[in-house]
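Asks: Input: one structure, supplied below.
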Amino acid sequence: MPTRSGLFPRNFKKSFPVASRGEGCWIIAEDGRRFLDASGQAAVVSIGHGVDEIGRAMAEQSSQIAFAHTSQFHTAPAERLAERLLAMAPPNFRNGGRVYFTSGGSEATETAIKLARQFHLENGQQNRYRVLSRRQSYHGSTLGAMSVGGNVARRAPYEPLLAEWGHIAPCFCYHCPFEKTFPECELACAEDLQTQFGSARKTDIAAFIFEPVVGATLGVAVPPEGYAARISEICRSNGILLIADEVMTGIGRTGKPFAVRHWGVEPDLILVGKGIASGYAPLGAVLVSARVVEAFERGSGAFTHGFTYQAHPVSTAAGNAVLDYLEAHKLYERVNAAGQNLRGGLAPLETHQNIGDVRGLGLLFGIEFVKDKSTGEPFPREQNIAEKIRQACLEENVLTYPTQGCVDGLRGDHILLAPPFTISPDQCALVARALRSAVAKVFLD
Ligand SMILES: Cc1ncc(COP(=O)(O)O)c(C=O)c1O
């Protein structure tokens, strides 16, 4: 970072290289260093960096019409992208579903919270407003999204500003909050949602929001078979909406268009962001199922909400170009094969005494570092293990995504790997080699 910078950085105590070019899985810095992007820049970049077609499609759209306010016009790229997303969604979105485009994931979460509230108003249920969620989750950085979020460290400074609508247990087998084992646990974590309906305040619950696979906060916690289905059943039988936050997992990242499709679940709302435009434009969306749309159509007809830049023509043109690229290059089909390659490369790490767990789905992996492999005991937070691993990988020119807190919100170190779907077997081997070297350096093997 230049010493004199006008940019408000993520961290004043760190320096940041200046990214000047992207090529496939590589990011090239101004000083010529080449970094292998094993993180996909926070699980965003799916088609790789520097794909010319996307820029061309955005320029073409911009030269036609760059902006038209949604209170006055709809545009062709937004219409087209909405249809394509609905076609990828579960069956309950196909006949009569709609898409509300935003500029990112947090705006999608805010939109979903308000959609859930107004859905119940349209149905004459004035008292329903609480959106339940899970501890150890992340749904965005705006205040509504933080209120449903359960990331202890990210919430801490803002607690006085946040609404408290209720959080249930996370679904995290490696550190089960009930200290049980699947399947003997009988999905106690899902049943924790049902207990919320035993309280006197059950009639003010509007919705439940969850990440089908928990991303950054837990380091890719994949639920056991039956969890998502049971959660869906509890929501349905208690008359509340189910919101699947697929900002990280959507658009192919886990090997299906949406992660909920691994389990045949039909949420009422699906949130997307990140991969929808692969980082080429700020874009997010809420997919709204037919029954929710119908409540608005039959009721007031208007959603009391809006952003100036919603359904932006250039961003949605980028989204269409990204989907075209994913389809033309059969990249959805590459996810599982590339994931297996990467997993294969990581396999030798699994026996290391300080690697507690390697977990994941598709091309989304978490690696958890532990002090004691037999008990899963974490390192003290102050040792900053995840950051040290990131740093050591960076010295090998490989980018990873480190986080702390997977055990109790503060302790627990893990890194996330979410490379572009285009990652080659050789590049998977490079990532694995960098990690092995980082682990040896940090744990002084
Ligand atoms: C699951 C999930 N939801 C919401 C968000 C917020 O998205 P954004 O940072 O685009 O606002 C994120 C971002 O990391 C996320 O992973």
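The numbers here are math on the coordinates, done by the rules we state, and not lab data. Bear in mind the structure is a predicted one, so any value in this text is a computation, not a measurement. Neighbour counts run over all protein chains shown; Cβ positions are idealised from the backbone, glycine included.
Asks: Please work out the Kirkwood hydrodynamic radius for the stretch 95-171, using every pair of different C-alpha atoms, and report it in angstroms with one decimal place.
Replies: 13.4 Å
Asks: Another question, then. When ranked by the protection proxy of mean other Cβ atoms within 10 Å per residue, highest first, what sequence do the peptides 74-83, 131-140, 239-248 form?
Replies: 239-248, 131-140, 74-83
Asks: Please say if the stretch 74-122 is rounded, prolate or oblate, where rounded means a/c under 1.5 for a ≥ b ≥ c the square roots of the C-alpha gyration tensor eigenvalues, and otherwise the choice is prolate for a/b larger than b/c and oblate otherwise?
Replies: oblate
Asks: Give the relative contact order (percent, whole number) for the stretch 1-148; include only Cα pairs under 8 Å separated by 6+ residues.
Replies: Values: 101 pairs, mean separation 16.5, N = 148.
Relative contact order for the stretch 1-148 comes out at 11 percent.
Asks: Here's another thing I want to ask about it. I'd like the distance separating the alpha-carbon centroids of the stretch 58-128 and the stretch 277-305, in whole Å.
Replies: Rounded to whole Å, the Cα centres lie 3 Å apart.
Asks: Inverting the mean 1/r over all pairs of different Cα atoms, compute the Kirkwood radius of the stretch 7-55 and quote it in Å.
Replies: 12.0 Å
Asks: Local charge sum around residue 209 (other residues, Cβ-Cβ under 10 Å, Lys/Arg +1, Asp/Glu -1)?
Replies: In short, -1.
Asks: Among 40, 109, 17, which residue has its Cα positioned farthest towards the positive end of the charge dipole of the stretch 2-113, with +1 placed on the Cβ of Lys and Arg, -1 on the Cβ of Asp and Glu, and the dipole taken about the Cα centre?
Replies: Going by the Cα projections, it comes out as 17.
Asks: Rank these for me by crowding, 158, 325, 309, going from fewest to most other beta carbons within 10 Å.
Replies: 158, 309, 325
Asks: More than 19 Å apart: what percent of Cα pairs in the stretch 144-297 qualify?
Replies: 58 percent
Asks: Could you sort the peptides 194-201, 5-12 by per-residue average Cβ neighbour count (10 Å cutoff), highest mean leading?
Replies: Top to bottom by mean Cβ count within 10 Å: 194-201, 5-12.
Asks: Relative to 2.2 N^0.38 Å, what does the C-alpha radius of gyration of the chain come to as a ratio? Two decimals please.
Replies: Scaled against compact globular proteins, the figure is 0.96.
Asks: What relative contact order, as a whole-number percentage, does the stretch 345-432 give when Cα pairs under 8 Å and 6 or more residues apart are counted? Don't skip to the answer; put the middle values down first.
Replies: Working: 139 pairs, mean separation 23.5, N = 88.
Relative contact order of the stretch 345-432: 27 percent.
Asks: Could you work out Rg/(2.2 N^0.38 Å) for the stretch 261-374, with Rg from alpha carbons only? Don't jump to the answer; show the numbers that get you there.
Replies: On the way: Rg = 20.0 Å, N = 114, 2.2 N^0.38 = 13.3 Å.
Normalised by 2.2 N^0.38 Å, the Cα Rg of the stretch 261-374 equals 1.51.
Asks: How big, in percent, is the set of alpha carbon pairs in the stretch 10-126 lying more than 17 Å apart?
Replies: Taking all Cα-Cα pairs of the stretch 10-126, the fraction more than 17 Å apart is 75 percent.
Asks: Let me ask another. Would you please classify the overall shape of the stretch 128-200 from the alpha carbon gyration tensor, given that a ≥ b ≥ c denote the square roots of the eigenvalues, rounded means a/c under 1.5, and beyond that prolate means a/b larger than b/c while oblate covers the rest?
Replies: oblate
Asks: Within the set of other residues whose C-beta is less than 15 Å from the C-beta of residue 50, count the net charge using Lys and Arg as +1 and Asp and Glu as -1.
Replies: -1
Asks: Also, quick follow-up: Run through the DSSP bridge list for the chain and note the antiparallel percent, rounded to the nearest 5.
Replies: DSSP beta bridges in the chain are roughly 70 percent antiparallel.
Asks: For the stretch 233-317, what class follows from the C-alpha gyration tensor (a ≥ b ≥ c being the square roots of its eigenvalues): rounded when a/c is under 1.5, otherwise prolate if a/b is larger than b/c, else oblate?
Replies: Oblate, because a/c is 1.5 or more while a/b does not exceed b/c.
Asks: What is the dipole size for the chain, taken about its Cα centre, with +1 at each Lys and Arg Cβ and -1 at each Asp and Glu Cβ, in debye to the nearest 20?
Replies: Roughly 460 debye for the chain.
Asks: Past the 21 angstrom mark, what percentage of all C-alpha to C-alpha distances in the stretch 302-445 do you count? Let's see the in-between values first.
Replies: Details: 5295 of 10296 pairs.
Taking all Cα-Cα pairs of the stretch 302-445, the fraction more than 21 Å apart is 51 percent.
Asks: Now a separate question. Which whole-number percent is the relative contact order of the stretch 125-192 (Cα, under 8 Å, 6+ apart)?
Replies: Computed over the stretch 125-192, the figure is 28 percent.
Asks: Another question about this same structure. Residues with beta-carbon under 12 Å from that of residue 436, excluding residue 436: net charge, scoring Lys, Arg +1 and Asp, Glu -1?
Replies: -1
Asks: Can you compute the charge dipole magnitude of the stretch 305-445 about its Cα centre, using +1 on each Lys and Arg Cβ and -1 on each Asp and Glu Cβ, nothing else charged? Give it in debye, rounded to the nearest 20.
Replies: 80 debye
Asks: Please get the size of the charge dipole for the stretch 1-59, origin at its Cα centre, with Cβ charges of +1 on Lys and Arg and -1 on Asp and Glu, quoted in debye to the nearest 20.
Replies: Values: 8 positive and 6 negative charges, 80 e Å.
For this selection, approximately 380 debye.
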